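What follows is a short report on a single structure.
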Amino acid sequence: MSGSAAAAGADTDVITDLTVGGMTCGACVGRVEKRLGRLDGVSAVVNLATGRARVTHPSTVPLGELVAAVERAGCTAKPVRQPERPLPEPTPAEPSEPEAPSEPEAPAEQSRGDRDRLLIVALLAAPVLILSMVPALQFRNWQWLCFMLAAPVAVWGAWPFHTRALRGLRYSAATMDTLVSLGVVASFAWSSYALFLGGAGDPGMRMPFSLLPSAPDGAAHIYLEAVVAVPLFVLTGRYLEARARHGTGAALRSLAGLTVKDVEVRDGGTERRIPLARLRVGQSFVVRPGERVATDGVVREGSSALDLSLVTGESEPVEVGPGASVTGGAVNVGGLLLVRATAVGADTRLARITRLVTEAQAGKARAQRLADTVAGGFVPVVLALAVTVLGFWLGAGAAPQSAVTACVAILVVACPCALGLATPTALLAATGRGAQLGVLVRGPRALETLRDVDAVVLDKTGTLTSGRMSVARVTVTADGVGREDVLRLAGAVERGAEHPLGRAVVAYAGRPLPQVTEFHATPGSGVSGRVEGRFVEVGAPEGELPEDLSRALTDAESAAHTPVVVRVDGTAQALIAIGDVVRPGSYRAVDRLRRLGVRPVLATGDREPTARAVAADLGITEVHARCTPEGKADLVRELREQGHRVAVIGDGVNDAAALAGADLGIAMGGGTDAAIGAADVTLVRGDIETVADAVLLARRTLRTIRTNLGWAFGYNAVTVPLAAVGLLNPMVAAAAMSASSLLVVGNSLRLRTWRPGPARARKGGTR
């Protein structure tokens, strides 16, 4: 059973993903959604670009009923295979179960089949087009050669359009394939009549070519060039369109490619290789140099460097050692590691990232809903218009050839494909590009909201700051032992302490550190010990300090840092200011947001002096300190009541309520599952500066969608009237129809190479 949520009861809603085949335009999308929506309690969102349907339905509605509903819409459907859950470890007496078979290579085979069909149609169509368009090359009986070449194209080459049109006819559904099939059949039928009964079969017949339909001169004209051109151009357009759409899903496929099939586990000193699906939390597995980390875990033994560029976008390898967390999908570029698994299957970070990207690409923006609604009623209107034009021309006394030409041109040129592709291809490209930049967008609604955000509530700890104690500043006396020696001595003494302040000093001092003797720790005061024959004390400031250290003490207190004094042989040598330091990217992030016209607001549960100090560093004027989780949620509600579109950026459980209550929730990638689950956007690398990139990407995406829809609507508004009045040759109509879809997809693909530039001020915003 396919489903991203399991039913807990008989009436529980579940989500099932279906792969839908046979969709060619926005009309197909609307028809599938309507058919599924007719089932009790069922709603569906269908995406033309991905060929997927996300169906929400009661658990009492079986999968077969969903598939049957899609088939009644004239399409095919099958469930999307979901990642397998970890299987229990087999006992030694039991043979291991074979791995589940991989997904069939249907997409690749279908692509090769489409390419072969296109090549054969092109070979048959080329002589027909050349002879029809160049009168000087028209030899005796040339039209009969063209007829023999065009017949297989009209039947076999256009067979996919005919079969889908007939399938739709079974369920009283008209699609883009219906238009193409009718256009080919009408052109071929008229040409056959002209050849056999209308005098065009005369051995010496010559036919001039013009871009516009021309009146007959005695013998009826044949339109064999339209017979071959329509399938040729449509097949070419759909093949290139499919290749382009395949490119927009590159981000999701690259994520899927990060997983490994099997893993080498170590148990009781023995190593054995098992399928990844059998790996359990708590088991230890080996990661050799050059291999991918199989799943999320903690390093037990060994040290190495991991390449996380494909997971988080970090360009430089990250050093890891015992106790360090590792992410599944990272590449080991150093030594041998033994890792204890902490998450498997759907609970891993890579699985969450993949799930977010999939959900984003399965969604549908408001603009796409409008386009699908229009496209859904477009094909029946075109069919009615084609019949009306045919009747009008014949009723007005026009030649049957002119009437049929106008009718065929309307059937061919009226393509809702561009409407159906305008939004999903842009969203696919944008979400994929966002994932590459370290920004995971949950869905189209998030992109639309990002564009209009004008106020952002920022958490402090773990968001604007690193979230851990670090050395902010070191001040040494002018006539002391020197900065490097003071840090080395202080680090040696603090190495024996467990206090976060001590760990910050040790981390800042670096290694190697000398040995300490006579170590002593006084709770609430500090630590002391003898290092290299000197008595070293590290603790709270007490008594009188030298003038330069006194000034440093005042600066530390004003910045809400914790001051620590280092004394060597009873003399104060240095003052170390320790605190939760501001992330380097926070300065640029706040400045860029302000330039984009977004109002920054700091809301933190920390003390007032600390909050004010961080806000002053970043240039934030609106500060809310001592904020409870309820207080943050109330602040968000107040800003929304004032008319602001509010985004919240946070990383902790205390931010979850505010994230969920905002117009847009943005979670730091290293934050808690509660924060990430409540957010609409996740910053994978934990780099807050990418928020501005996300806003710029959202605005660029919405501009791209508007351009696509403008072209799609404008194309039909111009070409259909031209075809109706007889000013558009069916062959030119086929080329124009294919070009419209390719232009839309090509415009969307530009988002794949988008790079964030400098933030520009929104009109009326602050600089």
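The values are calculated or read from the model by the stated rules, or taken from the named source; none is laboratory data. Note that this is a predicted model, so its numbers are computed, not measured. Here Cβ is always computed from backbone atoms with ideal geometry, including for glycine, and neighbour counts include all displayed protein chains.
Quick notes
- Residues within the range 117-154 that are free of Cβ contacts under 8 Å to residues at least 24 places away in the same chain and either of a type in the set (Asp, Glu) or surrounded by 21 or more Cβ atoms within 10 Å (Cβ to Cβ) (or both), tallied: 1
- Top-ranked residue of the range 174-206 - restricted to ones that are more than 15 Å from Val155 (Cβ to Cβ) and aromatic (Phe, Trp, Tyr), ranked as farthest from the chain's Cα centre (by Cα): Phe196
- Residue selected from the range 41-58 under the condition touching a Leu at 6+ places or on another chain (Cβ under 9 Å) and in a loop (DSSP other than H, G, I, E, B), by the criterion nearest to Thr12 (Cα to Cα): Val42
- Single residue of Thr373, Thr388, Thr477 found to be among the polar types (S, T, N, Q) and modelled with pLDDT under 80: Thr373
- Residue count for the range 180-219, restricted to those that are at pLDDT below 75, over 14 Å from Leu131 (Cβ atoms), of a type outside the set (D, E, K, R) and surrounded by fewer than 20 Cβ atoms within 10 Å (Cβ to Cβ): 8
- Residue that is surrounded by the fewest Cβ atoms within 10 Å (Cβ to Cβ), among those in the range 50-68 that are free of Cβ contacts under 8 Å to residues at least 40 places away in the same chain and over 11 Å from Val32 (Cβ atoms): Gly64
- The residues listed here are Ala589, Ala603; of these, the one that is of a type in the set (A, V, I, L, M, F, W, C) and out of contact with any strand residue (DSSP E or B) (no Cβ under 7 Å at 6 or more places or on another chain) is Ala589.
- Qualifying residue in the range 729-744 (condition: modelled with pLDDT of 85 or more and out of contact with any Cys (no Cβ under 7 Å at 6 or more places or on another chain)): no
- In the range 631-648 there is at least one residue matching the filter, namely being buried (at least 23 other Cβ atoms within 10 Å of the Cβ) and among the basic types (Lys, Arg).
- Close pairs from the range 542-570: first assigned to a helix (DSSP H, G or I), partner surrounded by fewer than 16 Cβ atoms within 10 Å (Cβ to Cβ), Cβ under 7 Å, at least 6 apart: Asp548/Ala478
- Residue check, Ala398 modelled with pLDDT under 80, more than 20 Å from Leu696 (Cα to Cα) and not in a helix (DSSP H, G or I): yes
- Qualifying residue in the range 435-453 (condition: at negative phi, outside the structural domain of Gly631 (by TED's automatic domain parsing), assigned to a helix (DSSP H, G or I) and at pLDDT 75 or above): yes
- Of the set (1) modelled with pLDDT of 80 or more; (2) of a type in the set (D, E, K, R); (3) in a helix (DSSP H, G or I), all apply to Asp177 but (1).
- Of all residues making up the range 594-612, the number that are in contact with a helix residue (DSSP H, G or I) (Cβ under 7 Å, 6 or more places away or on another chain) and within 12 Å of Leu464 (Cβ to Cβ): 6
- Filter result for Ala341 (buried (at least 21 other Cβ atoms within 10 Å of the Cβ) and either at pLDDT 70 or above or closer than 30 Å to Asn47 by Cα (or both)): yes
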